[in-house]
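**Student:** Below you will find the structure I want to go over with you.
The values are calculated or read from the model by the stated rules, or taken from the named source; none is laboratory data. Just so it is clear, the structure is predicted and the values come from calculations on it, not from any experiment. Don't worry about glycine lacking a Cβ; one is built from the backbone with ideal geometry, like all the others, and counts go over all protein chains shown. Only protein heavy atoms, including side chains, enter the accessible area calculation; ligands, DNA and RNA are left aside. Shrake-Rupley method; radii C 1.70, N 1.55, O 1.52, S 1.80 Å.
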Amino acid sequence: MRLANLNGRATLVTDEGLIDVEKASNGRFTSNTDVLVAQLEELASWVSETSAQVTDSMAPAVLARDPGLGPVISHPGQVFAIGLNYRTHALEMGLANPTKPMVFTKFSSSVAGANATFVIPSPMTDWESELVVVIGKRGRNVNVDEALGYVAGYCVGQDLSDRALQMLGTPAQFSLGKSYENFAPIGPWLTTTDEITDPNALEITCSVNGVLFQDSNTSDMVFSVRELVSYVSSVCEIRPGDIMFTGSPHGVGQGQDPPVFLKPGDVIETAIEGLGSLRNVGRAR
Ligand code: ZN
């Protein structure tokens with residue numbers, strides 16, 4: 001299943017069109033995707049048992065660029081983010097591969113929809129294309145082998161960063177420098193785990209103004225999705241609606257020679273195989 005937040009309403013995305021979940025189920029399921037993410041198994045059963053009517057004939061590709069598309073999780077309880085989790089990205093940043101996942105947060109007010117415009121707070125604003133994991137089940141001390149059972153699905157994510165603030169001081173300010181307005185667009189919708197057999201075998205790309213800067217595969221992660229979910233759950237209780245940015249491949253602006261940073265009007269397109277794409281435009285603060 002593909003679950004979107006369209007104008008604040010839970011919407012199933014099918015090749016035939018859109019299904020407003022609350023209306024089509026006569027109120028059995030909520031229109032709030034933040035809540036619905038914990039009920040995806042029941043929702044899938046309902047979808048397979050009933051012939052839910054398409055409520056809008058809009059095609060997925062058109063929906064993906066709709067300005068009414070919000071983040072599938074609007075108010076995540078926790079936003080985990082992982083640093084230096086691709087081998088080639090650690091190299092370009094001149095840093096060693098971590099021996100344990102490096103975890104920080106993007107504060108939840110930075111979460112935005114697939115086509116959100118974002119502020120450019122400094123001349124060192126940078127992009128990072130990332131696979132985003134959405135948690136669907138509560139757990140602590142989850143085994144690596146069982147970790148994907150706690151995942152509701154996946155989204156495309158963009159981990160925008162103000163490198164000036166991120167690297168300010170010792171130790172650095174990762175979380176604050178990555179939390180400006182709309183610095184965490186996710187979308188275009190959540191794709192459930194049954195449609196993604198291996199989250200660590202997906203092409204991931206990012207282009208800026210039509211120039212391809214990132215072109216990699218989630219197979220290059222230092223720690224796999226299942227290892228990350230397990231590791232984080234050994235410290236924090238993971239809960240439905242939590243999200244996790246799983247790190248960026250190489251090809252960020254700071255890794256260019258000379259470095260390239262974003263300016264107002266720049267268009268970032270972030271895409272992941274099987275999940276769709278985001279289109280975000282920078283604007284002056
Ligand atoms: Zn990142």
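**Student:** Of all residues in segment 165-191, which are in contact (Cβ under 8 Å) with a residue 12 or more places away in the chain, within 16 Å of the ligand (Cβ to nearest atom) and of a type in the set (Gly, Ala, Ser)?
**Tutor:** Scanning segment 165-191 gives SER175, GLY177, SER179, ALA184.
**Student:** In segment 218-264, what residues are in contact with a Phe, Trp or Tyr (Cβ under 9 Å, 6 or more places away or on another chain), more than 16 Å from the ligand (Cβ to nearest atom) and among the charged types (D, E, K, R)?
**Tutor:** ASP242 - this is the single residue of segment 218-264 that is in contact with a Phe, Trp or Tyr (Cβ under 9 Å, 6 or more places away or on another chain), more than 16 Å from the ligand (Cβ to nearest atom) and among the charged types (D, E, K, R).
**Student:** Listed residues SER122, SER161; which is open to solvent by less than 60 Å² (accessible area, probe 1.4 Å), more than 24 Å from GLN39 (Cβ to Cβ) and within 16 Å of the ligand (Cβ to nearest atom)?
**Tutor:** SER161
**Student:** A further question follows. Looking at segment 140-158 only, could you name the residues that are more than 16 Å from the ligand (Cβ to nearest atom) and buried (at least 18 other Cβ atoms within 10 Å of the Cβ)? Walk me through how you get there before you give the answer.
**Tutor:** Residues of segment 140-158 that are more than 16 Å from the ligand (Cβ to nearest atom), as a first pass: 140-153.
VAL142, ALA147, LEU148, TYR150, VAL151, ALA152, GLY153 - these are the residues of segment 140-158 that are more than 16 Å from the ligand (Cβ to nearest atom) and buried (at least 18 other Cβ atoms within 10 Å of the Cβ).
**Student:** Suppose we filter segment 176-199 for residues that are more than 20 Å from VAL72 (Cα to Cα) and open to solvent by 30 Å² or more (accessible area, probe 1.4 Å); how many remain?
**Tutor:** In the first step, residues of segment 176-199 are kept if they are more than 20 Å from VAL72 (Cα to Cα); the result is 176-177, 197-198.
Now narrow it down to the ones that are open to solvent by 30 Å² or more (accessible area, probe 1.4 Å): 176, 197-198.
Looking only at that region, the number is 3.
**Student:** For segment 152-184, give me each residue that is among the basic types (Lys, Arg) and either within 25 Å of VAL225 (Cα to Cα) or not assigned by TED's automatic domain parsing to the domain that holds SER108 (or both). Show your work before the answer.
**Tutor:** To start, the set of residues in segment 152-184 that are among the basic types (Lys, Arg) comprises 163, 178.
Residue satisfying the conditions is LYS178 alone.
**Student:** Return yes or no: is GLY169 of a type outside the set (Lys, Arg) and at positive phi?
**Tutor:** Numbers: of a type outside the set (Lys, Arg): yes; at positive phi: yes.
Yes: the conditions hold for GLY169.
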